[in-house]
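The values are calculated or read from the model by the stated rules, or taken from the named source; none is laboratory data. Bear in mind the structure is a predicted one, so any value in this text is a computation, not a measurement. When we count neighbours, we look across all protein chains shown, and the Cβ atoms used for this are built from the backbone with ideal geometry, even at glycine. Side chains included, ligands, DNA and RNA excluded: accessible areas come from the protein's heavy atoms. Shrake-Rupley method; radii C 1.70, N 1.55, O 1.52, S 1.80 Å.
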Amino acid sequence: LLYKEYVHLLDSLHIPRRNLYAGNQFENISHTRLFVLHPTKQFADTHAVHNLNNCSVVFKLVYKNTSILFDGDAEKEAEEQIANTYGNFLRCSLLKTGHHGSRTSSSENFLNFVHPQLAGISVGTRNKFHHPSKLTLLHFKEKNISTFRTDEEGAIVFESDGNEWKRIVWRK
């Protein structure tokens, strides 16, 4: 579902999907900016063969005074490169965690830069990899990051008024 929305956004902005690399920035949506942070073309060319997760598109969406970081399927190697490149620019109030909250993503160092208050974890119920990792959940707890998980709650929907995120309870 998120991927379909992502593709729809790219198509509506007339952005060729094959040219989406770090450094792209899109500002032609009212009060909204989209920053593509990863992968760099060089990173993708060098690392795609070894781990496609680390070549996942990572982007930050800023709407007025709120922001969300979509960490895709990025794992530690990609997150380290992103943190080294962007540092405190990663700071956001809401994080869509990387790689389903696995122990290879959302490292303590990465979270220190992102510093979210909220985190959404997209993960299947009873998945064979046992995601999310207990270690990752512990990192979130230690940093007082409220977590929301699709395996426990189904779809997770947030809405921004430009000043704060509001959780939309869709299931009655």
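Worth a mention:
- When residue 117 is tested against (1) farther than 22 Å from residue 22 by Cα; (2) buried (at least 19 other Cβ atoms within 10 Å of the Cβ), just one condition goes unmet, and that condition is (2).
- Filter pass, residue 37 being outside any loop (DSSP other than H, G, I, E, B), under 22 Å from residue 153 (Cβ atoms) and at pLDDT 85 or above: no
- Checking residue 125 against (1) within 22 Å of residue 51 (Cα to Cα); (2) in contact with a helix residue (DSSP H, G or I) (Cβ under 8 Å, 6 or more places away or on another chain); (3) open to solvent by 60 Å² or more (accessible area, probe 1.4 Å); (4) not basic (Lys, Arg), the condition it does not meet: (1)
- Evaluation of residue 85 against the conditions (1) in contact (Cβ under 8 Å) with a residue 60 or more places away in the chain; (2) of a type in the set (Val, Ile, Thr); (3) open to solvent by less than 40 Å² (accessible area, probe 1.4 Å) shows that the sole unmet condition is (3).
- Residue list for region 23-34, filter: modelled with pLDDT of 75 or more and outside any strand (DSSP E or B): 30, 31
- Index of the failed condition, residue 136 passing every other in (1) surrounded by fewer than 18 Cβ atoms within 10 Å (Cβ to Cβ); (2) within 17 Å of the chain's Cα centre (by Cα); (3) within 21 Å of residue 80 (Cβ to Cβ): (1)
- Residue within region 54-62 that is within 23 Å of residue 144 (Cβ to Cβ) and open to solvent by less than 10 Å² (accessible area, probe 1.4 Å) present: no
- Within region 40-70, the set of residues being modelled with pLDDT under 75 and either of a type in the set (A, V, I, L, M) or in a strand (DSSP E or B) (or both) comprises 44, 48, 49.
- Considering region 88-111, the residues that are open to solvent by less than 10 Å² (accessible area, probe 1.4 Å) and not small (Gly, Ala, Ser) include one that is farthest from residue 166 (Cα to Cα), namely 110.
- On the stretch given as region 95-145, residues that are of a type in the set (S, T, N, Q) and not in a loop (DSSP other than H, G, I, E, B) total 3.
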